[in-house]
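The values are calculated or read from the model by the stated rules, or taken from the named source; none is laboratory data. This structure is a prediction, so every number in the text was calculated from the model and none was measured. In this analysis, Cβ positions are derived from the backbone assuming ideal geometry, glycine residues included, and neighbour counts consider all displayed protein chains.
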Amino acid sequence: MKLPRLLLTRLVTTLLVVVSATSALAEPRTNLLTDVGLLGITLTNLGYFGNAFSNRNQPSGEYPLYSNVEHIYRGGIWVGARTPDGTLNVSTGAQDANGLQEGDDIREFEDFYDSDSPNNPENFVRVWSNSQNADNYNPAALATQHIEVFFDDYTVVESGNHTQMGVKVRLRALAWGNPFADDFVIMDYTLINVSAGELRDVYLGLWIDTSVGNTEYKTPYDSQAIDRWDFSDDLNGAWGPEGVVDPAYTVPTDPDIWMAYEHDADGDEGLATSWIGYRLLGTNIAPAAIDTIAPVSYNAWRFRGVPERDDEFENPDDPGVKLPGKYQIMSNGNFDVGEKPAFNYAAAGNWVTTMSTGPFPTWAPGDTLSITFAIVAAPDSVSLLSNSKVAQVAYNDGFTIPSGPPSPRLEFSTQNNSVIIAWAAGDSLDSDGQPLPTDSGLRSPEHHISLITGREDFQGYRVYRYQAVSLAGNPFETATMVAQFDRIDGIGFDTGLPPRDEQGRRRFVDNGLLDGFPYWYAVTTFSAPDIQDGLPEFESGFNENSNLVYPGPGAADSGATGTVGVYPNPYRAASLFDSRSTAGTAETGRKIWFTGLPARSRIQVFTLAGDLIKTLEHDDPNSGQEAWDLISEPVRAIASGLYIYAVTDLATGEVQRGKLVIIK
């Protein structure tokens with residue numbers, strides 16, 4: 001059975017936790033993902049982020065997460081400098097390339113590994129969380145999700161155009177689940193000169209190929225699709241500081257901003273109206289001032305317009321005329337916005353941009369430079385600016401984001417037309433009756449200690465539900481809050497907390513649902529406003545524990561006969577069980593359900609001629625149903641007709657058989 005993307009994403013996350021816990025050696029990693037907030041970005045330890053829309057099961061730069069709206073094709077860090085021999089060179093984590101493989105062929109960073117010291121902590125990928133009840137909780141984590149990787153520019157590029165300058169990079173990607181900080185990911189780059197010589201006139205920057213659209217409306221994954229992704233219908237621009245750029249591109253309420261943005265020109269008929277941007281938050285030291293040249297350069301060009309070389313070179317079509325190289329682009333002080341005599345940057349197109357700053361006059365061996373950007377998303381331009389300002393405040397405060405108790409860790413089970421959610425409440429004492437440490441995950445959520453006040457801050461729970469396969473918009477606005485529980489303490493509604501089950505877990509049952517239909521659930525916690533310290537209410541993140549659940553009967557008792565069924569049966573194409581997102585996606589959106597299954601069972605589907613066309617494995621003590629997407633093995637759409645199914649109880653070996661009809 002083809003796993004839904006949610007399940008694949010959760011599997012990736014689980015693997016990342018295992019990697020973090022077992023301290024696996026760093027190797028080329030392309031499955032790292034920010035998934036606790038609303039912005040899902042693929043991260044790597046190869047100098048770039050995004051996956052060039054190469055994997056429909058993992059977001060490249062999706063916002064909101066699980067919405068099928070993508071924003072980032074690929075991005076990466078650029079480092080330019082004059083090497084000891086006097087040449088100008090640029091090491092690029094990513095540059096203009098058509099597809100993931102072409103981009104890999106020309107990238108100039110690789111995963112770092114210190115072979116002389118196998119236990120060097122920098123050999124390891126770190127995936128941490130500052131959420132106390134997370135499996136990968138670490139007090140050193142700076143965010144709800146803290147992903148840390150190392151890479152260097154010692155890779156060998158087949159073209160021979162790359163000069164290894166000796167730059168090692170630590171990237172800390174920081175994402176938060178809190179509702180007021182879940183629209184951005186901070187990319188904090190720390191760079192060390194690990195060469196034997198001094199680098200001079202250094203420039204640091206970020207290159208990004210953004211592209212906005214809905215993957216269900218026009219697919220970027222299938223080159224043979226009729227409705228292909230449109231890379232050339234995006235609008236770009238930027239904002240800069242007052243007194244430095246044209247007043248038309250300043251933000252009076254944010255006078256020091258350096259930020260670029262992009263959005264789809266027509267919004268994909270309302271299916272992709274969000275904006276993506278990246279903001280320069282700061283550097284550890286200020287660049288040197290140069291008269292008449294801005295300290296930050298923002299350059300934009302249409303795809304394939306990237307300079308061919310690092311330093312300026314002769315125009316092959318006009319001998320004697322020099323063209324700028326990547327280093328000249330990084331240092332030119334340009335601000336490519338609006339309609340200009342030589343070029344119209346305000347027109348729709350397939351835009352690629354860089355934002356860079358410098359120069360840093362000298363960079364001695366062993367010295368460190370750092371540069372930090374925020375990748376920001378929002379429903380519109382006003383929210384984009386607001387979200388980016390929160391990221392700037394977080395950077396200015398040392399990546400501090402105030403928060404309350406974390407979301408609980410959920411367990412789901414189903415019954416007919418119902419979903420059951422359970423979670424541990426937390427306690428203040430251990431099994432011996434001794435007080436638990438303030439940072440113990442066993443306290444969360446109901447005895448969580450605020451890092452701001454040093455007092456318990458839990459007030460209650462909110463249960464959210466959203467009916468669809470894909471989330472649309474901000475889930476705090478589009479999902480329905482089906483329940484709110486408030487501890488009885490004279491604050492708020494005093495409704496009381498959910499009842500406990502026999503294991504002492506909190507338990508919530510949502511009834512009146514439709515079996516086999518998709519429902520997203522999340523349970524958040526919230527704190528009470530703290531009058532003493534002047535703090536507002538804090539609510540935990542929706543995606544800290546969100547799950548896609550299909551209601552249906554629980555697992556049948558092992559050995560029970562006559563329990564297995566199929567619905568809908570007959571199955572008719574274009575029923576409500578189909579994906580209704582867009583034409584052309586029905587074959588991957590269809591779904592029928594086997595129900596009444598034993599907890600451990602095997603489902604086999606045969607033609608009337610006895611040919612086996614599909615095998616599904618079911619292993620879930622909390623559910624008695626399993627979905628089939630009507631795709632055979634090998635991957636092929638199922639034709640109309642009558643089919644036989646056999647369900648084997650793996651505990652007893654007993655087999656139940658039945659028939660199903662497919663009508664297209």
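When Asp649, Asp619 are checked against the criterion of being among the acidic types (Asp, Glu) and surrounded by fewer than 17 Cβ atoms within 10 Å (Cβ to Cβ), a single residue qualifies: Asp619.
Where residues in the stretch 529-557 are part of a loop (DSSP other than H, G, I, E, B) and in contact with a Leu (Cβ under 9 Å, 6 or more places away or on another chain), which of them is surrounded by the fewest Cβ atoms within 10 Å (Cβ to Cβ)?
First, pick out the residues of the stretch 529-557 that are part of a loop (DSSP other than H, G, I, E, B): 529, 531-534, 536-538, 540-541, 545-546, 550-555, 557.
Checking the rest, the ones that are also in contact with a Leu (Cβ under 9 Å, 6 or more places away or on another chain) come to 529, 541, 545-546, 551, 553, 555.
Working: Pro529: 15, Gly541: 28, Asn545: 22, Ser546: 26, Pro551: 23, Pro553: 20, Ala555: 23.
Filtering first and then ranking leaves Pro529.
Does Ala289 qualify as being loosely packed, with under 12 Cβ neighbours inside 10 Å and either aliphatic (A, V, I, L, M) or touching an Asp or Glu at 6+ places or on another chain (Cβ under 7 Å) (or both)? Spelling it out, Ala289 is indeed loosely packed, with under 12 Cβ neighbours inside 10 Å and either aliphatic (A, V, I, L, M) or touching an Asp or Glu at 6+ places or on another chain (Cβ under 7 Å) (or both). Just one of the numbered conditions (1) of a type in the set (Gly, Ala, Ser); (2) at pLDDT 85 or above; (3) within 32 Å of the chain's Cα centre (by Cα) is not true of Gly512: (3).
Are any of the residues in the stretch 200-222 within 27 Å of the chain's Cα centre (by Cα), assigned to a strand (DSSP E or B) and free of Cβ contacts under 8 Å to residues at least 12 places away in the same chain? Checking the stretch 200-222: not a single residue is within 27 Å of the chain's Cα centre (by Cα), assigned to a strand (DSSP E or B) and free of Cβ contacts under 8 Å to residues at least 12 places away in the same chain.
Rundown of residues vs (1) at pLDDT 95 or above; (2) in contact with a strand residue (DSSP E or B) (Cβ under 7 Å, 6 or more places away or on another chain), yes/no style:
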position: Ala374; (1), (2): yes, yes
position: Asp380; (1), (2): yes, yes
position: Phe399; (1), (2): yes, yes
position: Leu410; (1), (2): yes, yes
position: Gly426; (1), (2): no, no
position: Asp432; (1), (2): no, no
position: Pro435; (1), (2): no, yes
position: Glu456; (1), (2): no, yes
position: Tyr461; (1), (2): yes, yes
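Put simply, of Val509, Val549, Val523 the only residue that is closer than 27 Å to Arg602 by Cβ and among the hydrophobic types (A, V, I, L, M, F, W, C) is Val549. Here is the figure for the stretch 91-111: residues that are crowded, with 21+ Cβ neighbours inside 10 Å and not acidic (Asp, Glu) total 9.
Take the residues of the stretch 496-509 that are outside any loop (DSSP other than H, G, I, E, B) and more than 12 Å from Trp423 (Cβ to Cβ): which is farthest from the chain's Cα centre (by Cα)?
Going residue by residue through the stretch 496-509, those that are outside any loop (DSSP other than H, G, I, E, B) are 496, 500, 506-509.
Right, trim to more than 12 Å from Trp423 (Cβ to Cβ) and you get 496, 509.
Values: Gly496: 35, Val509: 30 Å.
The selected residue is Gly496.
Of all residues assigned to the stretch 349-362, none qualifies as being without any contact (Cβ under 8 Å) to a residue 60 or more places away in the chain, more than 30 Å from Val194 (Cα to Cα) and in contact with a strand residue (DSSP E or B) (Cβ under 9 Å, 6 or more places away or on another chain). For the stretch 220-232, the set of residues classified as farther than 13 Å from Phe303 by Cβ and surrounded by fewer than 18 Cβ atoms within 10 Å (Cβ to Cβ) consists of Tyr221, Asp222, Ser223, Gln224, Ala225, Ile226, Asp227, Arg228, listed by residue number.
Listed here are the residues, each with its yes/no results for (1) over 22 Å from the mean Cα position of the chain (by Cα); (2) β-branched (Val, Ile, Thr); (3) surrounded by 17 or more Cβ atoms within 10 Å (Cβ to Cβ); (4) not assigned by TED's automatic domain parsing to the domain that holds Ser527.
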{"position": "Phe360", "(1), (2), (3), (4)": "yes, no, yes, yes"}
{"position": "Asp367", "(1), (2), (3), (4)": "yes, no, no, yes"}
{"position": "Thr372", "(1), (2), (3), (4)": "no, yes, yes, yes"}
{"position": "Val376", "(1), (2), (3), (4)": "no, yes, yes, yes"}
{"position": "Ile401", "(1), (2), (3), (4)": "no, yes, yes, yes"}
{"position": "Pro405", "(1), (2), (3), (4)": "yes, no, yes, yes"}
{"position": "Gln415", "(1), (2), (3), (4)": "yes, no, yes, no"}
{"position": "Ile420", "(1), (2), (3), (4)": "yes, yes, yes, no"}
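For the stretch 57-94, filtering for residues that are touching a residue at least 60 places away in the same chain (Cβ under 8 Å) and assigned to a strand (DSSP E or B) leaves 20.
Residues in the stretch 622-646 that are over 38 Å from the mean Cα position of the chain (by Cα) and surrounded by fewer than 13 Cβ atoms within 10 Å (Cβ to Cβ): how many? Steps first, please.
Taking the stretch 622-646 first, the residues over 38 Å from the mean Cα position of the chain (by Cα) are 640-646.
Checking which are surrounded by fewer than 13 Cβ atoms within 10 Å (Cβ to Cβ) leaves us with 640-642.
Qualifying residue count, the stretch 622-646: 3.
Going through the stretch 525-568 one residue at a time, which ones are at pLDDT below 85 and among the polar types (S, T, N, Q)? Within the stretch 525-568, Gln532, Ser558, Thr561, Thr563 qualify.
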